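First the structure, in the form of structure tokens, and then the observations on it.
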Amino acid sequence: MAAVTGYPYPDPPDEEKWSVCIHCGMCLDACPTYQVEKLEHQSPRGRVHLIKAAGEGRIALDEGLYDPVFQCLDCRACETACPSGVQVGSLIEAARGQLYQAMPPRGWKGMVGRLFLRHIFPHPKRLHFLGKLLRFYQRSGLQAAARKLGLLSLLPGHLRGMEAALPEIPESPSRKRLPKVSPARGERKYRVALLTGCVMDVVYGGVNEATVRVLTRNGCEVVIPEGQRCCGALQVHAGDRETAKKLARQNIDAFLEAGVDRVIVNAAGCGSAMQEYGELLAGDPEYREKAARFAAMVQDVSAFLDEIGYEPPSGRVEGTVTYHEACHLAHGQRVRQQPRKLLKSVPGLTLVEMPDAARCCGSAGVYNLTHPDMAGRLLEKKVDDIPEGVDYVAMGNPGCMLQIAMGIRKRGGRERVVHTVELLDEAYRREEAPEEEAAAVAEAPAGAVSEVRDEGLIEELIRLLGKDAVLFKKEDLLAYECDAYTLEKALPRAVVFPRNTEETAAVVRLLNRRKIPFIPRGAGTGLSGGATPRGGEVIISLARMNRLLSVDLPNRRAVIQPGYINLHLTQAVADQGYYYAPDPSSQQACTIGGNVGENAGGAHCLKYGVTTNHVLGLKVVLPDGEVTELGGLPDTPGYDLVGLFVGSEGTMGIVTEITVRLMKQPEGVRTVLALFDRVEDASEAVSDIIAAGILPAALEMMDALAIEAVEKGTFPVGYPEGVEAVLLVDVDGVEAGLEEQIRRIVEVCRKHRVREVRPAASEEERARWWANRKTAFGAVGTLSPDYLVQDGVIPRSRLPEVLARIAEIGKEKGVRIANVFHAGDGNLHPLILFDSRVPGETERAVQAGSAILKVCVDAGGSITGEHGVGLEKREEMKYLWTEEELEVQHAVREVFNPEDLCNPGKMLPRPARCAEVKRHSKDSASQQK
Ligand SMILES: Cc1cc2nc3c(=O)[nH]c(=O)nc-3n(C[C@H](O)[C@H](O)[C@H](O)COP(=O)(O)OP(=O)(O)OC[C@H]3O[C@@H](n4cnc5c(N)ncnc54)[C@H](O)[C@@H]3O)c2cc1C
Ligand code: SF4
Ligand code: SF4
């Protein structure tokens, strides 16, 4: 069969949605499948990249797209993390719809899937019959016999686990037990309808009953519409959009006919799916409007109770509870605090937070059946995270309840899995019957197309590292064709994932023998193309070398592998009062190995210095495979090779271990926000703050266009209209001196006509201001499908004139430029917005970038402060260095990398003999004016 290219079927993924993705990588660490596998094509960014590639006809609708798209849990954790608001879930679901038609499910798995999705779930009577069979199996002695005879060992492992964790199935489904209309207790304030669901109805009917009791207790008349059906979520997840649409139409008719104020749902996945009916039926002229109206009425029970101001219970439920956030509640519906509020309001109950509570448990619809291996690994992590000694694990989704009960049972744990609303219900019931046992609360028991391949090489790599550590198919390589700088792209020959120094050295020796160039890569968040192939290199990904090897607090240092994520280090030592100072805005995603490659900086580097000031020693695999150590303690005399290596952009070897300095947390931190009506006033205030002898920990600035982006992004602050510049200033140190520093900063800002200036009122407000600033790059996706970020440095005192010149360049080149930058150290980040689909715009954006760098050099600055040179700025190196100076730099590199196999073509222009030579000196700068 000929391969299908493009998206030929109805309901294709929306180009407008994928074009919002600016490839920044801020979503990487939020994605459970990426966390486990560290594979780019199993990350949100990689998946969006592949969906886009398929839309452009660059890859076919076949296995290469199928696997990443269906390995996705559709958990939406990436959507919460994405500053641009990319709707990854919607793209995934639409792509699944296309794949479902291009490659209809075959074999016994396909048959079983179709049987359940089309012929059982949509028909309540058949589903209820299935429930009866299960109950018969549990109660007739068949279950006991099957267990005794060991017959269950014939089932696949995951089904076996489910069989064991299944609670006792009630005699009849909740739909049959519940009255069609349950009157409100007391005055009727609302009329609501309840979705009884499929799994909830048959397996966890008690949750539906508890929901009805809690709602009626709070003044609701509750209707159970007769004609309601399965919500269609499972069908959408599987790609069977036509069946899902049919179900959606039936539900819309049934619920709208009931004449209710709200449609209440207690299953997160169902709620999320029903809130998206408007989108699902957007192409249906008859239902479009009704679907949107209906979707707006759908609400999770906890959010509804919170909104109407439910009555806190007075009955006690003694014990401790932890809360697991079901993905479709936390990320799909953004309902996060309300269930916690409900739990906290139960007298006697103490909420203990679970780490990473919103990470998927692996249930994800039928994911645990279709992808048992990944689901099992996620479940293990989830069960590991349950705080020791808690009595209850509460959540808001039946799939999660079953999955987590299974994990707890496997561990032999005693925690009881409950729906949040069950605990609230229990507390209400105890108002009336306080002697009732807590045991009654929970029903659940504890419970290839390969274009670039080199057979011999791939086999050898597999022999060295194992099959799961080598990628070579085009569709897997595609996600590695660039880093976060997307203007240049090329396919690598392969991507490999060594696990330690020895494996890295073995791979490098092999590649060196074969004279095949290679590129070290961390998380690929680099903004200058440092980890981007030029074509045919082997990428050595350090992403799986992500362990914290040791922490030595008395001597304030830690040793880590290069793939360790920057933010994780601070998180690991924060409890003991320490932190790792370099804090790039990408710190939630980028690796410390990549930080070493680029000598990364960050907002707080103004006071504490950049990566090189915090690296004490390195273990390195040189380009011929030799392993060596640089630096370390005690500090020894001789050349500073660590200093040379940090910032060498992977052109001198591969770092495999890093010893870093840890810092003691300052006694106090204060943050000031200043809003200006004129950029010039803000710029002058920056210079004057430093001139006043204050050294802030951070001094950041955003202009009007950057403010527009962050306000449209995922973390808005709510800046007032017309603000032209924002300054965000952190001061830290000994408590006693902080108020005085704040007073002086406020004074300087007032001198420069600030519109509003004030310190953060709480830690929460401070965190909100910083989340807004730190996601500014990513948020420009809300303004433009493409952006190019520049990284010039200038003397602080020249900020006003350089910013004015940047605005002129934008006008000359016909591109919009947003500025968001580390103002305190004069490190500018003009974000040049463009649309690569418009002919000529990319070229104009690149020209604008180069012109800006020239202005920075002319002002006595540099072409990079922290993002490196990479592929992008090699030519601009000529603004700074003479031909001879560039030759010297080549000579230094050749000492380490004589055959130019390690990240060739990066950082230095070649040939070095260039036509235009500009010296970084006052004289030549003035000559150029
Ligand atoms: C939204 C956003 C915000 C950002 N904010 C900042 C910021 O505030 N400050 C800042 O400095 N940067 C920032 N960056 C840029 C980027 O995150 C940093 O350059 C970061 O250091 C790259 O780390 P990485 O793990 O993604 O490395 P990669 O992009 O994978 O690699 C970067 C370079 O390091 C080399 N390299 C990677 N690992 C190794 C290794 N083990 N040994 C030797 N060389 C290696 C690569 O070959 C490449 O040249 C931002 C990027 C984005 C997308
Ligand atoms: S929906 Fe979940 S699994 Fe899928 S890409 Fe996003 S974070 Fe990853
Ligand atoms: S814009 Fe950035 S965070 Fe959002 S999906 Fe794309 S790569 Fe991920």
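The values are calculated or read from the model by the stated rules, or taken from the named source; none is laboratory data. The structure displayed is predicted, hence computed values, not measured ones. So basically every Cβ, Gly included, is an ideal-geometry build from the backbone, and we count neighbours across all protein chains shown. Ligands, DNA and RNA are excluded from the accessible area calculation, which covers all protein heavy atoms including side chains. Shrake-Rupley method; radii C 1.70, N 1.55, O 1.52, S 1.80 Å.
What to note about this one:
- Residue in segment 727-740 that is surrounded by the fewest Cβ atoms within 10 Å (Cβ to Cβ), counting only those that are within 36 Å of the chain's Cα centre (by Cα) and assigned to a helix (DSSP H, G or I): Glu735
- Some residue of segment 130-149 being open to solvent by less than 20 Å² (accessible area, probe 1.4 Å) and at pLDDT below 85: yes
- Against the numbered list (1) open to solvent by 10 Å² or more (accessible area, probe 1.4 Å); (2) within 13 Å of the chain's Cα centre (by Cα); (3) more than 13 Å from ligand 3 (Cβ to nearest atom), Ala30 comes up short only at (3).
- Of all the residues in segment 561-602, those that are surrounded by fewer than 23 Cβ atoms within 10 Å (Cβ to Cβ), touching a helix residue (DSSP H, G or I) at 6+ places or on another chain (Cβ under 8 Å) and of a type in the set (Gly, Ala, Ser) number 1.
- Being within 14 Å of ligand 1 (Cβ to nearest atom) and among the β-branched types (Val, Ile, Thr) is a description that applies to Val86.
- Number of positions in segment 43-85 that are over 21 Å from Gly365 (Cβ atoms), within 16 Å of ligand 3 (Cβ to nearest atom) and not in a helix (DSSP H, G or I): 4
Rundown of residues vs (1) in the same structural domain as Val596 (by TED's automatic domain parsing); (2) part of a loop (DSSP other than H, G, I, E, B); (3) not hydrophobic (A, V, I, L, M, F, W, C), yes/no style:
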residue: Phe821; (1), (2), (3): no, no, no
residue: Gly824; (1), (2), (3): no, no, yes
residue: Ile832; (1), (2), (3): no, no, no
residue: Glu866; (1), (2), (3): no, yes, yes
residue: Leu871; (1), (2), (3): no, yes, no
residue: His890; (1), (2), (3): no, no, yes
residue: Val895; (1), (2), (3): no, no, no
residue: Asp900; (1), (2), (3): no, yes, yes
residue: Lys906; (1), (2), (3): no, yes, yes
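- Exactly one residue out of Arg126, Arg160 is more than 16 Å from ligand 2 (Cβ to nearest atom) and either assigned by TED's automatic domain parsing to the domain that holds Arg377 or at pLDDT below 80 (or both), and it is Arg160.
- Only listed residue being modelled with pLDDT of 90 or more, out of contact with any His (no Cβ under 9 Å at 6 or more places or on another chain) and more than 13 Å from ligand 2 (Cβ to nearest atom), chosen from Cys24, Cys31, Cys82: Cys24
- Qualifying position, being within 21 Å of Leu695 (Cα to Cα), within 16 Å of ligand 3 (Cβ to nearest atom) and open to solvent by less than 20 Å² (accessible area, probe 1.4 Å), among Val780, Val820: Val820
- Qualifying residue in segment 834-852 (condition: within 30 Å of Val669 (Cβ to Cβ) and not assigned by TED's automatic domain parsing to the domain that holds Glu684): no
- Of all positions in segment 785-802, none carries a residue that is among the hydrophobic types (A, V, I, L, M, F, W, C), within 22 Å of Asp483 (Cβ to Cβ) and open to solvent by 40 Å² or more (accessible area, probe 1.4 Å).
- Residue that is least open to solvent (accessible area, probe 1.4 Å) [pool: residues in segment 466-488 that are farther than 19 Å from Ile59 by Cα, away from ligand 3 (no atom under 16 Å from the Cβ) and at pLDDT below 95]: Gly466
- Positions within segment 489-508 being buried (at least 23 other Cβ atoms within 10 Å of the Cβ) and part of a loop (DSSP other than H, G, I, E, B), in sequence order: Pro492, Phe497, Pro498
- Some residue of segment 34-43 being open to solvent by 10 Å² or more (accessible area, probe 1.4 Å), aliphatic (A, V, I, L, M) and either within 11 Å of ligand 2 (Cβ to nearest atom) or touching a Gly at 6+ places or on another chain (Cβ under 6 Å) (or both): yes
- Just one of the numbered conditions (1) farther than 29 Å from Lys109 by Cα; (2) crowded, with 18+ Cβ neighbours inside 10 Å is not true of Cys230: (1).
- Some residue of segment 5-15 being more than 9 Å from ligand 2 (Cβ to nearest atom) and in a helix (DSSP H, G or I): yes
- Failed item, numbered, when Phe116 is tested on (1) open to solvent by 20 Å² or more (accessible area, probe 1.4 Å); (2) part of a helix (DSSP H, G or I); (3) within 14 Å of ligand 3 (Cβ to nearest atom): (3)
- Filter pass, Val793 being more than 25 Å from the chain's Cα centre (by Cα), within 16 Å of ligand 1 (Cβ to nearest atom) and closer than 30 Å to Thr842 by Cα: yes
- All conditions but one from (1) closer than 18 Å to Val366 by Cβ; (2) buried (at least 23 other Cβ atoms within 10 Å of the Cβ) apply to Thr243; the one that does not is (2).
- For segment 69-83, filtering for residues that are within 16 Å of ligand 1 (Cβ to nearest atom) and under 17 Å from Ala53 (Cα atoms) leaves 0.
- Yes/no for Arg798 being of a type in the set (Lys, Arg) and at pLDDT 95 or above: no
- Residue in segment 575-593 that is in the same structural domain as Gly632 (by TED's automatic domain parsing), more than 24 Å from Gly529 (Cα to Cα) and of a type in the set (Gly, Ala, Ser) present: yes
- Note on segment 637-718: enclosed helices (runs of 4 or more DSSP H) holding 3 or more residues that are buried (at least 24 other Cβ atoms within 10 Å of the Cβ) are 679-691, 704-712.
- Candidate set: segment 509-560, residues that are open to solvent by 10 Å² or more (accessible area, probe 1.4 Å), of a type in the set (S, T, N, Q) and touching a Lys or Arg at 6+ places or on another chain (Cβ under 9 Å); chosen: the one nearest to ligand 1 (Cβ to nearest atom): Asn546
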